[in-house]
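Below: one structure, written as structure tokens.
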Amino acid sequence: MKINTYEQSRAQFVRAAKVIPSGVYGHLGPAEGCFIPVEAFPMFSSRAQGSYFWDVDGNRFIDYMCAYGPNILGYNDPDVDEAARKQREKGDCVTAPSTRMIDFAELLVDTVHSADWAFFAKNGNDVTTMAVMTARAYTHKKKIVFFKGYYHGVAPWSQKIDYAGILEEDVMHNLYVDWNDCDQLEQVFRKYRGQIAGVIAQPYMHGNFKDNELPRDGYWAKVRRLCTEHEALLIIDDVRAGFRLDLAGSDHYFGFEADLICFCKALANGYNVSALCGKDFLKNTVSGLSYTGSYWLSAAPFAAGIACIEKMKRLNCPQTLLEKGEKLTSGLKGLAQAYGFDLHVSGAPSLFYLRIADDPTLRLHQEWVAECVLRGVYFTNHHNHFLNAALTDADIAETLAAAEEAFDVVRRRHPLA
């Protein structure tokens, strides 16, 4: 199998580093720790189509990161792109918003089980921040409960005290409890009785650098009860998992109702829009917030979002992704076992997390991922992966062939004792 090289990527990175902090920043950059060894990964893409992207050296990758989630139907989906094109011809970012905003909100209210209204922004960070603001404005309380291992964006309130640029005042009202521990959550509610505005959580724990963890039986029912008893809002951050588990929302998938639910990523197949949805009793509170952005009422992403949701419904997208994910991950586990590796697969099959557990330093896992990427299968080391509906059985077969070569290389490099 062909082994990739990245001469142009490296040259472009040197160029970028001169004018852009870190060259490539955020999750996509080499400084984040998900690209180890850095030499195995491309730094820049040239084009994308369906389940593939090509880097600037001409290497093609089967993409299991999907732009970190937005690509749910396939890159350049013709239905979504055509809807956005038609709307752009009529008007996009205009002084008065298009009625496509109303159409999109109506569709979300009809689709998302816990949604009585929708408010639009651009990034996941926008809507998680707005959800916390809403909780504080509605309850007139200050404290927010987080589950350890969380990620809810990059705003100061969502970070940790030892992060660069974060002040104690930014996080002084944050409370932290362990995931899946209702007793601990109940103790926090008792200790800070009357002070907690809300609980914010992912629908299941899909953090980085550790196996993902689903909720225990009855967990969400207990969390919902505690929030109701203590008059705190329950906020679900569905930015990653949204529409990959259930088109009605991940809270619906796990059998409870959120007060506020945050969407982005898969909402419009890569067009930049996010949405905060919530219960009717919070609508007036949201109306009173001072919160807006220069491009938040842009109409083309609304049209793209409508087309994306309608197509996901036609394809029964969550079930499609579940089946693809199960086929892929069962194949990977079988290959790992054949070569004597303990490959852990955790989380939902449509957002699977991989970890070779034979080495606590994670170096074996990093080596195997690197060998896959060098063979055109774009995994990443310490982040959950994403599937899109354009992924074919042939893509999965090619992935498994590359993964087997990678297992063979790593096993020969590290023979069994």
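The values are calculated or read from the model by the stated rules, or taken from the named source; none is laboratory data. Since the model is a prediction, treat every value here as computed from it, not as a measurement. Cβ sites come from the backbone with ideal geometry, for glycine too, and all protein chains shown count toward neighbours. For accessibility, only protein heavy atoms count, side chains too; no ligands or nucleic acids. Shrake-Rupley method; radii C 1.70, N 1.55, O 1.52, S 1.80 Å.
Descriptive notes on the structure:
- Most mobile of 69, 334, 165 in a GNM of the chain (Cα contacts under 10 Å): 165
- Solvent-accessible area, 1.4 Å probe, carbon plus sulfur percent, for the range 355-397: 52 percent
- Spin-label model, residue 401/residue 110: points 7 Å from Cα along the beta carbon direction are separated by 4.4 nm.
- Distance histogram in 10 Å bins (all Cα pairs of the chain, percent per bin): 5, 21, 30, 27, 14, 3, 0
- Reachable aspartates and glutamates, given that their alpha-carbon falls under 14 Å from the alpha-carbon of residue 90 and they are not under 8 places away in the same chain: 82
- Rounded to the nearest 20 debye, dipole of the range 46-110 from Cβ charges on Lys, Arg, Asp, Glu: 180 debye
- In a DSSP loop and with at most 12 other Cβ atoms within 10 Å, the chymotrypsin sites (Phe, Trp or Tyr not before Pro) in the range 131-227 are 163.
- Along its three principal directions, the equivalent ellipsoid of the range 223-351 from the Cα gyration tensor extends over semi-axes of 33, 21, 13 Å, largest first.
- From the alpha carbon centroid of the range 171-239 to that of the range 310-384 is 28 Å.
- Cβ-derived FRET efficiency at R0 35 Å, residue 27 paired with residue 337, nearest 0.05: 0.70
- Rolling a 1.4 Å probe over the protein heavy atoms gives the chain an accessible area of 43 Å² per residue.
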